[in-house]
Structures are given as C-alpha cells and as structure tokens.
Amino acid sequence: MFRNPSVLFVLFTMVTCFTVAAVEPLILHVSTQGNDAWSGSLQELDSAGSDGPLASLAGARNRIRNLRAQDKALSTVPITVRVQGGTYFLEEPLVFEARDSGTADSPVIYAAAPGEEPILHGGRIIKDWRIENGVWIADVPEAKSDEGVVGAFWVNGERRDAARYPKAAHFAGDYPSEKDFLYTDGSVMEKQAGAQEEEKSSTKLRFHKDDIQAWEHLDDAVFVVFHSWATSLHRVKDLNLNDRIIEFTGPARWPFTRWTDKQWYFIDHLLDALELPGEWCLNRHDGTLHYLPKPEERPDNVEAVIPRLRQLLLLKGNPETQHFVEHIHFKGLQLQYSDWPIGAAGHSDGQAESSVEGVVQTLGARHCLFEDCKIAHVGGYGAAFRTGSQNNTMRRCFLTDLGAGGVRIGEGHDPETPEESTGHNVVDNCILHDGGRIYRSAVGVWIGRSSFNTISHNEICDFRYSGVSVGWSWGYAPSSANHNVIEYNHIHNLGKGQLSDMGGIYTLGVSPGTILRNNYIHDILSNGDISGGWGLYTDEGSTDILLTNNVIYNTRTGGFHQHYGKENRVINNIFAFSQRDQLIRSRDEDHISFFFQNNIVYFNRGKLLGSTWKNGNYVMDNNCYWNAADHEILFAGKTFQQWQESGYDQHSVIDNPGFADIENRDFTLSPDSPAIKVGFQEIDLSNVGVYGDGNWIALAKNLPRIPAPPKDE
C-alpha cells in the first residue's frame, strides 16, 4: 500500500486549495462614484485612479456576463454585488435574463453593502423653477406626450395631490363626504352599432347644470368615476353645455349609472382648480408643471420629483422556451419613483386593477429572492410575479405609497402549459401600506389563477379596496387557483369609504385546498351607498375553502359574506361589531353553501343574518351569539327556539362570551366562557403580523393614517 506521508500531504493540500478556490465567491462593488468601464473588484478607487467600483447595477450585470463568457466555470460560482449607498438614477428598467441566473448552491446576489441604503431611482428631480403669482412653474417636455398623463409628483418624498374639483375633505380622498363629489343627472341613452335598443352609455355622462364649465384646461383633466368596486379614469373628448353631456375619449368598463342614477365622480388634474397649497398640475399644451407650494417650502429646500419610468426592475425569462431567470437575490435595495400613466383613451379595469403591472416584475422567474427591500413612490403595483414565475420569495420588504396595489401573483387567465403556470411563491413578513393612490381598486395582494402560494405574517393596510384577493375565476368552472394559504396577516384600514363590494380577504371560484387562517382583520369601511365591505368575502363560486381562526371586527356590512359558493368551512372565527348585518348569504342554491361552526358573533347594532336564508342549504352549529345592546337576536326573522326547531344551531348558545376587554378589542376568553363550552377554541393572536427586530415591528405598528370619522348608521 502507498504510504508516503509527504506525497499524501501534498495531494491533500492541492485538493483542499482546489476546493476552496472552486467555491470562493466572486465579489463586485458598485458605487455612485464608480465607472462601468472599471473592473468592480475594488470597493474604492485605486491610487492610480485607473480602477475601482462599477457605477451601476446594469454595469455589474454586464461585467458578470463578460466574465462568464471568458470563463464558463464562473456560472457555478457564487457572486455577490455589493452596492454602496446613494442614488442610482435609471435611464431604463434594469433587466435580468436567463443568462444572468445563478444556481441553488451559487446564487447571484445584488445586495446593499453593510449599513448602506442604495436607491434605484426612476424619476427626475426638478430644479429649475420660475415663480409666477406664487405658483412654481417648471418645464416638463414629456408632459406634451399623448402616451399618457404623468400621474404623480412628489416633494421631499411625499406624494402631492393633483389639483382637484371638488376638493377632498381628507387626505387622498379618504372617508369622503357628499361634498367631495359631483353627481350624474340620470343616464345618457344611445344605440350602439348593431343594437336594437338604446342602452346606457359608457362614454357619455350627463351632469347637473353648472357642475362643469368650459374651463380652459378641461382637455388636460382626468375624470375619476366611481363604479361600486372600481373607478374608471377618463379624458375629455367633447363638452356639450346645452345638453349637459360630456363625452370621453374611451369607454368605462360599465355603463354610467348602472348602479345608481346619482353616480359620483370628481375631476382630477384640472389646472383651473389649482388653489390649495400642496396641489400641482400639468399643462400638456405647453409642457409645464405648476405647483402651489406649502408655506414652508422654497425652491432651495425641496426635492421635487416627477417619474420617468414605468418599471424599474424586470426579470425576463421565457417560459415558452423554458429559459428561466433563476436564483438571483436582491437584498437591501430601495426602488423608488415610477409612473403608470393614464393613456389617451383613459383607463377602466374590471376589478382589482389586474391589468396594471409591477414596478418590480418577473416573467419566468424561479427561486428568486427579494429581501429587506423597499418599494415606494410608484405608479402601479409594487411587485408582480407573472407568467411562469415559481418558487420565488418576497420577505421583509416594505411597500408603500403605491399608485395601485402591493403584490400581484399570476394572471387573469389560465396558463396554457405547466411551464407558464405561476405558483409556489411566498410573500412573508412584509409591510404593504398605502395603496390605490391612483388606481383605487388595486389590492394589497392579488392572486390570479395561481396555486400553492403562501401569504403570511404581513401588515396589509390602508388600501382603498380589498386587502387580499384570491382565485379569479367566476362561478363553478374548473380553476387553476388552489391550495393558496393566507395566514397570520394583520389586515386593516381598508376601503376608507371610497369603494364597495370588497373584503379584508376576498375569494373567487373553485379553490380546493385554499386556507384563510389566523388573520386579524378590522376596520373594513366600504362606501355605504352601494354594496358593502366585509371581513371575509367568498364571492362568486368560491368552493371548498377553509376559513378558520380569524378575528374580524369593525366592518361596514358584515364579518362574513358569501355571495354564492359551495361547501366552504367557516370554523372557529370571531366576528364582531359590524355596523349593519353580521353574516350575509346572498344566494339560495341546491347544495350546501357553507358550514358555519364553532364561531363567536358579537354585535351591538344591525341584524345577525342578512340577505337570503330561505332554502336552508347551510350547516350552522356550536356557535356563540351575543347582542351587546340587549336586543333579542332573530335568525332570519325567527326566534332562537324557532331557528333550532328548523334544525340549525342545535348546540349553539346566545350568551355573552366574556371577552377580557371588549372596549379595547381584547378578545381573550376566560376558561369558563360559554363559547368554549360549546367548542370554540381560543385564538392566539401573538404570532399575527410581522416579526423580527423591534424596529421592524414598530414600523408596522406606527404607520401614518388619518382615523375614520365616527359613523352613526
């Protein structure tokens, strides 16, 4: 046997060195003081001034491409790009393709350098102001484009309101009063091509006398029209003052006055209405931006920004050819300032603004990670995992000041091939805040025709429509959305009186394996004039969904509403303090609608059961009901005894569950609670919402908002 110890030592040393060299990561550096012609191997400029960090993430991406072209082995070497702090202005979206991928063992990581806060900036800073009669005016040549109205403007990181008529009573138009709007005066009837009868118009709106004038800048304005669960945005084609009809360049998704003859709207981006400090507007004719500053603002103490780009970061694979973008990680990056402009024909989406794209967007991305990132001051959705995106994770990210929604996953149609399916994505421990600033019906998290996704431990708040939407097929047809899990989220302060037909969590379609559990949902305040706002809302065709261990309180029209669906299981939840009805069932069907068991329903106004409970195709038992106003509880017009004689709630009780501190919404129960005696199990809220260090938890807890005004209805 060969036993030469010297040779063995040399061989061991060679193997060890080779192994270390093979896995030693490649590190590149990016700095605002860098140069994309340099190597990027140095953090700072060398003494000769000939080499140093790169200047951009695109430069780092290109450097990696070139190095890999020279040495194929680098495709399996871990690569980290350390990005120094500062602002990196983007001339175009940063795009990664399949060739930029890493592997499971050797990912490519683009990360903020320790202690640094790099910002990828999609806007332009306005510095050259001229002042006329107290109004700041700047040249914005891009405003002349017919591609769309620049939708946003920020001063010192705060979104400013466009000049509006009538004025809003509160921030962002939240909790509106009747004075916030104009109203239609009946319908405009017209006969469409090929139609036999006249129908309500979706392009023409009749207004009341003196509501609209022939303002000089009316053709620059955007009409924002409210349609129950959505808004449509319109630009003006023609004004007829004699007939009091205004015609728009493009149609709304629904005819005007479909829901009410008194449909409400306001006029945005109207230069003639520039009156209040903090308002701004564009003049598209001469390409200028007009801003009426706040008292403390001067041109030398503000940073004024308009957006230039629609999207900032794109992962563009090709699912059809199975070329995927894989194992790229983004950590600690901030992506700020983008637009999603209102086109020449206006904008009208069916629901949830599902046509609006993400400022960060993936197509055919696999096993990619977004961690500790911030997405803010954007025009569309914050992030979108689209066709063919699987096994991606967004963790501990802060998305705020969003023109549309937070995160969208999937598409509005079924995938044609397995490679095009979207699923197994995770959004965990994120803060999704202040969305729907332009496209109001966007939601915190939207999942369309996508399966096996997990939405967990998030703070989802201050959207003008629903918090989470899951499913996206109407009725009982087969669906590609199943086994989605929505759990341990804090979902609250939604609707804000602006839109209707919404929920804290909203579902659609056949969804076997989907679970909504351990969510803390409250303050769901829809517009009170049309439809409603519920905590848990199983809409059209929702089937085989488990809704369990959720706590819901302070809703406009109910803690739970099922429009129509099949065999959903509503088990061990708390529903409290709806302003109107507590539980809603909107359609009788020839199958079991739902199983409602082991729940607590606690209220002090409104009815227990609203809408349709006639045919009896539902199972209700082991529940605890209590009206804190000491009124008799009726069950669809029946006394409790009559209700039980009909076969329902045989083991349920009407009794005070004995919450620890109901005034402060502490829903802890004592062991001898009557609810526990009939089978209710205590719900632990300690793990709900974001987790981690104290600063992260405090950020979620202390997000700014105006309180909802008191309501007497």
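Remarks
- Selected residue (criterion: nearest to Gly423 (Cα to Cα)) from residues of the range 337-349 that are under 16 Å from the mean Cα position of the chain (by Cα) and not hydrophobic (A, V, I, L, M, F, W, C): Asp349
- Lone unmet requirement of (1) under 23 Å from Ser586 (Cβ atoms); (2) surrounded by 18 or more Cβ atoms within 10 Å (Cβ to Cβ); (3) not basic (Lys, Arg) for Gly637: (2)
- Matching residues, the range 162-184, being surrounded by fewer than 17 Cβ atoms within 10 Å (Cβ to Cβ) and either touching a Cys at 6+ places or on another chain (Cβ under 7 Å) or closer than 22 Å to Ala376 by Cα (or both): His170, Phe171
- Listed by position, the strands (runs of 3 or more DSSP E) inside the range 519-638 whose residues that are outside the structural domain of Asp174 (by TED's automatic domain parsing) and of a type in the set (Ser, Thr, Tyr) number at least 2 are 533-538, 551-555.
- Test for Asp128: is it modelled with pLDDT of 95 or more and either within 30 Å of the chain's Cα centre (by Cα) or farther than 27 Å from Val302 by Cβ (or both): no
- Hits in the range 224-269 (condition: touching a helix residue (DSSP H, G or I) at 6+ places or on another chain (Cβ under 7 Å) and in a loop (DSSP other than H, G, I, E, B)): His269
- Restricting the range 179-214 to residues that are acidic (Asp, Glu) and over 15 Å from Lys262 (Cα atoms), the residue that is modelled with the lowest pLDDT: Glu197
- Scanning the range 422-429 finds no residues that are in contact (Cβ under 8 Å) with a residue 40 or more places away in the chain and of a type in the set (Asp, Glu).
- Within the range 668-713, the set of residues being closer than 30 Å to Gln597 by Cα, without any contact (Cβ under 8 Å) to a residue 60 or more places away in the chain and under 20 Å from the mean Cα position of the chain (by Cα) is empty.
- Count of the range 231-249 residues which are surrounded by fewer than 19 Cβ atoms within 10 Å (Cβ to Cβ) and under 27 Å from Asp501 (Cα atoms): 0
- If you check Asp672, Asp655 for being touching a Pro at 6+ places or on another chain (Cβ under 9 Å) and either among the charged types (D, E, K, R) or modelled with pLDDT under 95 (or both), only one passes: Asp655.
- Qualifying residue in the range 278-285 (condition: part of a helix (DSSP H, G or I), buried (at least 17 other Cβ atoms within 10 Å of the Cβ) and within 26 Å of the chain's Cα centre (by Cα)): no
- Glu275 exposed (fewer than 13 other Cβ atoms within 10 Å of the Cβ), out of contact with any His (no Cβ under 8 Å at 6 or more places or on another chain), free of Cβ contacts under 8 Å to residues at least 12 places away in the same chain and of a type in the set (Asp, Glu): no
- Evaluated against (1) closer than 29 Å to Asp684 by Cα; (2) of a type in the set (Gly, Ala, Ser); (3) crowded, with 24+ Cβ neighbours inside 10 Å, Gly436 falls short on exactly one condition, (1).
- Those residues of the range 470-511 which are more than 20 Å from Glu459 (Cβ to Cβ) and assigned to a strand (DSSP E or B), in sequence order: Gly471, Thr507, Val510
- Boolean, Ala481 is surrounded by 24 or more Cβ atoms within 10 Å (Cβ to Cβ), among the aliphatic types (A, V, I, L, M) and farther than 30 Å from Ser177 by Cβ: yes
- In the range 106-159, the residues that are of a type in the set (Lys, Arg) and more than 21 Å from Pro341 (Cα to Cα): Lys127, Arg130
- Residue in the range 670-680 that is in a strand (DSSP E or B) and not hydroxyl-bearing (Ser, Thr, Tyr) present: no
- Residue within the range 201-224 that is touching a residue at least 24 places away in the same chain (Cβ under 8 Å), in contact with a Cys (Cβ under 8 Å, 6 or more places away or on another chain) and either under 18 Å from Pro251 (Cα atoms) or among the polar types (S, T, N, Q) (or both) present: yes
- Of all the listed residues (Ala376, Ala404), the sole one being part of a loop (DSSP other than H, G, I, E, B) and either crowded, with 24+ Cβ neighbours inside 10 Å or under 15 Å from the mean Cα position of the chain (by Cα) (or both) is Ala404.
- Take the conditions (1) without any contact (Cβ under 8 Å) to a residue 24 or more places away in the chain; (2) farther than 26 Å from Lys316 by Cβ; Glu91 misses just one of them, which is (2).
- So Gly471, is it touching a residue at least 40 places away in the same chain (Cβ under 8 Å), over 30 Å from Pro176 (Cα atoms) and in contact with a Phe, Trp or Tyr (Cβ under 6 Å, 6 or more places away or on another chain): no
- Condition check for Lys316 on (1) in contact with a helix residue (DSSP H, G or I) (Cβ under 7 Å, 6 or more places away or on another chain); (2) not assigned by TED's automatic domain parsing to the domain that holds Val140: one failure, at (1).
- Evaluation of Ala660 against (1) surrounded by fewer than 16 Cβ atoms within 10 Å (Cβ to Cβ); (2) small (Gly, Ala, Ser); (3) at pLDDT below 95 (one fails), failing number: (3)
- Strands (runs of 3 or more DSSP E) contained in the range 67-161 and holding at least 1 residues on the phi < 0 side of the Ramachandran plot, aliphatic (A, V, I, L, M) and crowded, with 16+ Cβ neighbours inside 10 Å: 79-83, 94-96, 108-112, 118-121, 123-126, 135-139
- Given (1) closer than 24 Å to Ala143 by Cβ; (2) aliphatic (A, V, I, L, M); (3) over 27 Å from the mean Cα position of the chain (by Cα), number of the condition Ile245 does not satisfy: (1)
- Residue check, Lys614 surrounded by fewer than 15 Cβ atoms within 10 Å (Cβ to Cβ) and among the basic types (Lys, Arg): yes
- Under the condition of being farther than 17 Å from Ala221 by Cβ and among the acidic types (Asp, Glu), the residues counted in the range 148-182 number 3.
- Number of the condition not met by Cys368 [criteria: (1) out of contact with any Gly (no Cβ under 8 Å at 6 or more places or on another chain); (2) at positive phi; (3) surrounded by 24 or more Cβ atoms within 10 Å (Cβ to Cβ)]: (2)
The values are calculated or read from the model by the stated rules, or taken from the named source; none is laboratory data. None of the values given here were measured: they were computed from a predicted structure. When we count neighbours, we look across all protein chains shown, and the Cβ atoms used for this are built from the backbone with ideal geometry, even at glycine.
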